[in-house]
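Enquirer: Could you have a look at this structure, given as structure tokens, before my questions?
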Amino acid sequence: EAGVAQSPRYKIIEKRQSVAFWCNPISGHATLYWYQQILGQGPKLLIQFQNNGVVDDSQLPKDRFSAERLKGVDSTLKIQPAKLEDSAVYLCASSLAPRVGEAFFGQGTRLTVV
Amino acid sequence: GESVGLHLPTLSVQEGDNSIINCAYSNSASDYFIWYKQESGKGPQFIIDIRSNMDKRQGQRVTVLLNKTVKHLSLQIAATQPGDSAVYFCAENKGDFNKFYFGSGTKLNVKP
């Protein structure tokens, strides 16, 4: 079974620029998550989708971050404008349904803001 | 769990020894816990899970122990191998929608 796909793998941008990340979850997985992982820390949940609806975005900095999951499959996470402190790995994960087992993670996108 | 920034707790063990990695969780209402392994440059990978109605669960070379009284979780790895070297995170599930909250992680170094 194919895993969670993310692109790009690496991105370097200057502060105040915009960036977008793409995620394709495992086929059939209704729940999709975006996590931010700063170097040396555990992943922090940014937003969770159930199909194409947002379940939780309480930790998403909405003044600069946005995410969408059109048609309940692929998802994009956007940062505009980027700040230095946004440098992190952005991980996408998916799970079959709420309350069903573990989430499967992609390899992540490493963002460096200079 | 509280972030420790760049100073991840590190556990160094000799190849073949048993490893014990500990985790304190924050919410007594959490009812599902997962241990993840994260190798450098990769996303977290599921190792083993446990529900709050259990005290212990065993997998292949791994055992998870749950002490709800003190809100403590441990991961035991038997006969640790070099391939076990990674950062290990515990994650707790709170609420109705499969939301996972991660601890700050422990780095395991296995010396050959």
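Enquirer: Pairs under 6 Å by beta carbon, first residue of a type in the set (A, V, I, L, M) in segment B:16-34, partner open to solvent by 50 Å² or more (accessible area, probe 1.4 Å) and modelled with pLDDT of 95 or more, six or more apart or different chains?
Expert: So the pair list comes out as B:Ile20/B:Gln76.
Enquirer: Identify, by number, the condition in (1) farther than 19 Å from B:Glu92 by Cα; (2) modelled with pLDDT under 95; (3) at the interface with chain B (Cβ under 9 Å from one of its Cβ atoms) that A:Val89 doesn't meet.
Expert: Just one mismatch for A:Val89, condition (2).
Enquirer: Looking at (1) within 28 Å of A:Gln6 (Cβ to Cβ); (2) away from chain A (no Cβ under 14 Å); (3) not basic (Lys, Arg), which is the one condition that is false for B:Thr69?
Expert: In the conditions (1) within 28 Å of A:Gln6 (Cβ to Cβ); (2) away from chain A (no Cβ under 14 Å); (3) not basic (Lys, Arg), B:Thr69 misses (1) alone.
Enquirer: Would you point out the residue of segment A:53-82, among those that are basic (Lys, Arg) and over 11 Å from the mean Cα position of the chain (by Cα), that is surrounded by the fewest Cβ atoms within 10 Å (Cβ to Cβ)? Walk me through how you get there before you give the answer.
Expert: From segment A:53-82, those basic (Lys, Arg) are A:62, A:64, A:69, A:71, A:78; that's our starting set.
Of the ones still in play, those that are also over 11 Å from the mean Cα position of the chain (by Cα) are A:62, A:64, A:71.
Working: A:Lys62: 10, A:Arg64: 14, A:Lys71: 7.
The residue in question is A:Lys71.
Residues checked against (1) more than 26 Å from B:Gly41 (Cβ to Cβ); (2) among the hydrophobic types (A, V, I, L, M, F, W, C); (3) in contact with a Pro (Cβ under 9 Å, 6 or more places away or on another chain); (4) not in a loop (DSSP other than H, G, I, E, B):
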residue	(1), (2), (3), (4)
A:Cys23	no, yes, no, yes
A:Ser27	no, no, no, no
A:Gln36	no, no, yes, yes
A:Leu39	no, yes, no, no
A:Gln48	no, no, no, yes
A:Val55	yes, yes, yes, yes
A:Lys62	yes, no, no, no
A:Ala67	no, yes, no, yes
A:Ala93	no, yes, yes, yes
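Conditions tested, residue by residue: (1) modelled with pLDDT of 95 or more; (2) closer than 14 Å to A:Ser75 by Cα.
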residue: A:Gln17; (1), (2): yes, no
residue: A:Ala20; (1), (2): yes, yes
residue: A:Cys23; (1), (2): yes, yes
residue: A:Tyr33; (1), (2): no, yes
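Enquirer: While we're here: Tally time: how many residues in segment B:12-34 are in contact with a strand residue (DSSP E or B) (Cβ under 7 Å, 6 or more places away or on another chain), open to solvent by less than 50 Å² (accessible area, probe 1.4 Å) and modelled with pLDDT of 95 or more?
Expert: Residues meeting the conditions: 3.
Enquirer: Tell me yes or no: at least one residue of segment B:88-101 is at pLDDT below 95, more than 15 Å from the chain's Cα centre (by Cα), crowded, with 16+ Cβ neighbours inside 10 Å and in a strand (DSSP E or B).
Expert: yes
The values are calculated or read from the model by the stated rules, or taken from the named source; none is laboratory data. Just so we're clear, the structure is a prediction, and the values are computed from it rather than from any experiment. Positions of Cβ are backbone-derived with ideal geometry, glycine not excepted, and every protein chain shown enters the neighbour counts. The protein model used for the area step is the full one, side chains on, heavy atoms only, and it has no ligands, DNA or RNA in it. Shrake-Rupley method; radii C 1.70, N 1.55, O 1.52, S 1.80 Å.
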